[in-house]
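Reading through the structure tokens given below for one structure.
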């Protein structure tokens with residue numbers, strides 16, 4: 001399994017590399033500011049049983 005994953009910032013379109021913290025479990029959700037444009041993104045990360053990592057990012061204002 002990789003120690004990093006990527007997502008595309010919805011605000012600026014840049015590909016952002018994020019570290020994977022395995023101590024936080026296999027389903028994670030947190031808010032992170034884009035290091036390029038500073039817009040907050042809600043990161044949703046899932047580590048599958050086969051070790052593959054699924055990452056999605058949405059603008060923070062869309063979060064419920």
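The values are calculated or read from the model by the stated rules, or taken from the named source; none is laboratory data. Keep in mind the model is a prediction, meaning the values are calculated, not measured. Glycine also receives a Cβ, built like all others from the backbone with ideal geometry; neighbour counts cover every protein chain displayed.
Quick notes
- Qualifying residues in region 43-64 (those that are out of contact with any strand residue (DSSP E or B) (no Cβ under 6 Å at 6 or more places or on another chain) and in a loop (DSSP other than H, G, I, E, B)) - the one modelled with the lowest pLDDT: 64
- Qualifying residue in region 14-27 (condition: under 22 Å from residue 61 (Cβ atoms), outside any loop (DSSP other than H, G, I, E, B), in contact with a strand residue (DSSP E or B) (Cβ under 9 Å, 6 or more places away or on another chain) and free of Cβ contacts under 8 Å to residues at least 12 places away in the same chain): yes
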